[in-house]
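Derivation of every value follows stated rules applied to the coordinates shown; laboratory data play no part. Values in this document were obtained by computation on a predicted structure and should not be read as measured data. No Cβ is skipped: glycine too gets one built from the backbone with ideal geometry, and neighbour counts run over all protein chains shown.
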Amino acid sequence: MTASTILVADDDQAIRTVLNHALVRLGHEVRTTGNASTLWRWVADGQGDLVITDVVMPDENGLDLIPRIKKIRPDLRVIVMSAQNTLMTALKAAERGAFEYLPKPFDLKELINVVERALTASSTMPQPQPPSGDTDEQLPLIGRSGAMQEIYRVLARLMGTDLTVMITGESGTGKELVARALHDYGKRRSGTFVAINMAAIPRELIESELFGHEKGAFTGATARSTGRFEQAQGGTLFLDEIGDMPLEAQTRLLRVLQEGEYTTIGGRMPIKTDVRIIAATHRDLRTLIRQGTFREDLFYRLNVVPIRLPPLRERPEDIPDLARHFLAQTVAQGLPVKIMDAAAIDRLKRYRWPGNVRELENLVRRLAALYSQPVIGADVIDCEIADALPAAPQVEEPHSEGLSFAVERHLKEYFAAHKDGLPANGLYGRVLREIERPMISLSLSVTRGNQIRAAELLGLNRNTLRKKIRELDIQVIRGLK
Ligand SMILES: Nc1ncnc2c1ncn2[C@@H]1O[C@H](COP(=O)(O)OP(=O)(O)OP(=O)(O)O)[C@@H](O)[C@H]1O
Ligand SMILES: [Mg+2]
């Protein structure tokens, strides 16, 4: 590669040093600055072959600079780095014509890769979308984990395209939300978003739902009816639970996708389609293909851009943001303001979430509606999560250990933590309290707050139970569920 001049703007001295070092080693000339105005001056002077800029700088937002740079130097490529790793940052960077967006912290190798692409890629790149009015609207997707950032980057790149997308992921991971975001921020946003769930429609009606039918096409077709393809004309058609589509309907869908036109059931006039297809499923389509229930050729038609949404347990770092987001939604719906304390959040992060984000959303709703205290603590979460468990027997811990083993392990760690000495006196009482607390609160939870039943269950005298509840400050919620 020939040597180029690279302009770097970031208010973080450490990042400037690292980039400078890495790029100089590649043989480039590097100029660094901590503010946007210097960067702008260099660009306006005609300097530099590539710009690498941070978003938040003391004087101006790096994203705001991009359209101005593009105006005076349309061929100058801009790489954006940001620690505000939200979908909105990724979208804005793409929308304003950034060459690439790198969420911080990034891997230096990745940056070098992007720099090389930016310096060598041909200049006939797809034109970025015109800005969409730039509202700082409510973000549709929450979460800043590495896994979600990767999704945001893919989404941002897809916004200017009509490519077919296949979204996979467990139930409740946000597949429909992603499909809607692709429509709402994409080039078809002025069209309609039409969703059809293959699992929710009787098999024999799917083709008629998709393509519409003429009057008298089959028994019960008393009037002409438009199909979802027609309703989505100019917009997006979301084929949800595509894995549940019957084979005959798959064959018809494949033909429509190949030919770009279809006829209604009982109709003869071919109708041209102009829809963007997004499909989703929580099933493993490759397994269905092996079993012969999903057409391989349809799979390849639909799987043009695969997006896999990670289960929530693979990104526990997103849980605090999500919980706050859902709490804020309940406030917007008129419920009192609540917060969760650190221990509560910690409990949420340790749970396995078989129902993923939807389960978390429902839990937060329940907390907001059923608990009166403004601060939600770990005990409440324990009750609620224990409540959820019987409904989801598949969540058994793979490494489940006996209770006494667990206590032993904890105590060993506890003693080991006091290398030279012993812990404070009163260990017996402290440990018993640790065990009593979950035992009592869970017993109360399974008896729906009925203290007489809970006392029987525990084999305790009613007054003793009452005393313990007071001493341990356990919340009793009556008639839950
Ligand atoms: N990243 C996210 N940020 C905010 N809300 C989310 C996120 N992911 C999911 N949700 C919310 O969780 C719920 C479930 O999401 P969605 O319906 O999109 O999941 P799904 O993958 O389509 O599930 P299913 O397979 O059961 O149909 C929705 O209320 C959605 O708004
Ligand atoms: Mg769904």
Margin query: What are the equivalent ellipsoid semi-axes of the stretch 1-81, built from the alpha-carbon gyration tensor (square roots of five times its eigenvalues), in whole angstrom, biggest first?
Written below: 18, 16, 9
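What is the antiparallel percent of DSSP beta bridges lying wholly in the stretch 5-120, to the nearest 5?
Looking only at bridges with both residues in the stretch 5-120, the antiparallel portion is about 5 percent.
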Notebook entry, point to check: Counting pairs of alpha carbon atoms under 8 Å apart in space and at least six apart in sequence, what relative contact order in percent does the chain give?
Noted result: 10
Check: Which percent, nearest 5, of DSSP beta bridges in the chain are antiparallel?
Finding: 10
Checklist line | Normalised contact order of the stretch 403-471, rounded percent, pairs of Cα under 8 Å and 6 or more residues apart | finding: 16
Next item on the list: Just report the Cα centroid separation between the stretch 231-293 and the stretch 86-117, whole Å.
Entry: 34
Note to self: Please compute the contact order of the stretch 161-308 in relative form: average sequence separation of alpha-carbon pairs under 8 Å and at least six residues apart, divided by the residue count, as a percent.
What the structure shows: 35
Notebook entry, point to check: Where the centre of each part is set by its Cα atoms, how far does the stretch 162-192 sit from the stretch 339-357, in angstrom?
Noted result: 27
Item checked: For the stretch 313-395, the Rg and Dmax computed from alpha carbons only, in angstrom -> 11.9, 35
Margin query: Can you sort VAL30, VAL304 from fewest to most other Cβ atoms within 10 Å of each residue's own Cβ?
Written below: VAL304, VAL30
Checklist line | DSSP bridge pairs, the stretch 161-308: antiparallel proportion in percent, nearest 5 | finding: 15
Checklist line | For the stretch 403-471, convex hull volume per residue from C-alpha positions, Å³ | finding: 94
Notebook entry, point to check: For the residues MET439, MET269, what sequence is obtained by ranking on other C-beta atoms within 10 Å, fewest first?
Noted result: MET269, MET439
Check: Listed here are the pairs LYS109/LYS349; LYS70/LYS109; LYS70/LYS92; LYS175/LYS272; LYS349/LYS468; LYS338/LYS467; which of them are more than 24 Å apart at the Cα?
Finding: LYS109/LYS349; LYS70/LYS109; LYS175/LYS272; LYS349/LYS468; LYS338/LYS467
Item checked: Whole-Å distance, taken between Cα centres, linking the stretch 1-72 and the stretch 434-481 -> 62
Next item on the list: Project the alpha carbons of the stretch 161-308 onto their principal axes and report the range along each, largest first, in whole Å.
Entry: 42, 39, 27
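Percentage of Cα-Cα pair distances in the chain greater than 36 Å, rounded to whole percent?
Working: 57812 of 115440 pairs.
Roughly 50 percent, rounded to a whole number.
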Next item on the list: For the stretch 56-100, go through all pairs of different Cα atoms, get the mean of 1/r, take its inverse, and jot down that Kirkwood value in Å.
Entry: 10.8
Check: To the nearest 500 deg cm²/dmol, what mean residue ellipticity at 222 nm is calculated for the chain from DSSP H runs of n ≥ 4 alone, each contributing -39,500 (n - 2.57), summed and divided by the residues?
Finding: -13500 deg cm²/dmol
